[in-house]
């Protein structure tokens, strides 16, 4: 069984403290660091890996808008559970979560593809690959945590 931040530390520190730690680590530090990293990658002077066209730029914008829409819809379905998980969370099976286990991650993948189409450079490609690796790691850890906190989650995963 993989270590679970929410389950392990909620029992020791209390749910409010763990929720605060989660908000600080992910929402205040993590997401802005990710955004700054992509911004720096996009601003880096580097040759393009392929010639941008109006079609690739339009596809990039569509992917970013679509990914953002998916993320917003997913966040609306899980509300505060996204920012501050707790031991009392229940399984969400509505909205996009009725069809996809990780719609926020799926939307983020679309955004990565869109960003790369808008700026097809090596620094942006590296940022996208690192972001993708992180999402896979985060998904693995998150699923372990959810399986420990929500008894119905392993069945939902199937």
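The values are calculated or read from the model by the stated rules, or taken from the named source; none is laboratory data. Computed from a predicted model, the values in this text were never measured in an experiment. Ideal geometry is used to build each Cβ from the backbone, glycine not excepted, and the neighbour counts take in all protein chains shown.
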(message) Looking at region 140-158 only, could you name the residues that are free of Cβ contacts under 8 Å to residues at least 60 places away in the same chain and either part of a helix (DSSP H, G or I) or closer than 30 Å to residue 47 by Cβ (or both)?
(response) 142, 143, 146, 147, 154, 155, 157
(request) For region 43-82, name all the residues that are outside any loop (DSSP other than H, G, I, E, B) and touching a strand residue (DSSP E or B) at 6+ places or on another chain (Cβ under 8 Å). (result) 48
(message) Please go through region 102-117 and give me each residue that is modelled with pLDDT of 95 or more and either more than 10 Å from the chain's Cα centre (by Cα) or not in a helix (DSSP H, G or I) (or both), ordered by number.
(response) 110, 111, 112, 113, 114, 115, 116, 117
(message) Given the options 103, 120, name the one that is touching a residue at least 12 places away in the same chain (Cβ under 8 Å) and in contact with a strand residue (DSSP E or B) (Cβ under 6 Å, 6 or more places away or on another chain).
(response) 120
(request) Report yes if residue 137 is within 12 Å of the chain's Cα centre (by Cα), part of a helix (DSSP H, G or I) and loosely packed, with under 15 Cβ neighbours inside 10 Å, otherwise no. (result) yes
(request) Can you tell me which residue within region 49-69, out of those that are modelled with pLDDT under 95 and surrounded by fewer than 12 Cβ atoms within 10 Å (Cβ to Cβ), is nearest to residue 105 (Cα to Cα)? (result) 50
(message) I'd like to verify a number: residues in region 7-24 that are at pLDDT below 70 and either surrounded by fewer than 16 Cβ atoms within 10 Å (Cβ to Cβ) or within 17 Å of the chain's Cα centre (by Cα) (or both), how many?
(response) 4
